[in-house]
Every structure is written in structure tokens, then in C-alpha cells.
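Each reported figure results from applying straightforward, stated rules to the coordinates on display, with no laboratory input. Keep in mind it's a predicted model, so treat the numbers as computed, not measured.
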Amino acid sequence: MSFSVGSLVKARGREWVVLPESADDFLVLRPLGGTDREVAGIFLPLEGDDVQSATFALPDPAQPGDFQSGRLLRDAVRL
């Protein structure tokens, strides 16, 4: 399976972003909530079966969340 730059993948129990340095058989990944210091590589011939596209459920309007969640969303939008 081929993953384009910027796509989200799930591997090693967490979500990652595919970086431009990736090749056909080697993915260079940054954790979704991590920093550039946490970049990792996955050699697809060895771990390729464990790498999948990451998906997230759509938000449920019936569950708006609490004040802290709303403030976190507001701060993220302002960034």
C-alpha cells in the first residue's frame, strides 16, 4: 500500500503523519501529537502489514463536550 505525504497512518499503536522524506519502501513518520524530535521510520517490507490508514469518527453534535474541551478547541483554532 502506498501512502502520500501528509496522510495519516496508524502504526505501532498510535497515529502518525507521513513526511516528505518517505520512499516507496520506507515511511518517515511524525506522531500526530508529537514534535519533530519524535520522527520515526518504518521499513515497509518488515512492518508494512501493520501500517494502516488512520480514520477518526466524525464529531457528534449531541455531545458538545465540557468547558475545557471547548477552550482547547478555541485555542487550537487560534493557532
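Would you mind giving the average projected area, over all directions, of the Cα convex hull of the chain in nm² with one decimal? Mind showing how you got there, number by number?
On the way: hull surface 26.7 nm².
Computing the convex hull of the Cα atoms and averaging its projections yields 6.7 nm².
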request  = Return one number: the angle in degrees, 0 to 90 and rounded to the nearest 10, between the long axis of the Cα atoms of helix 67-78 and the longest principal axis of the Cα atoms of the chain.
outcome  = 60
ask   = In a GNM of the chain with a 10 Å cut-off on Cα contacts, which of 13, 48, 65 has the highest mean-square fluctuation?
value = 65
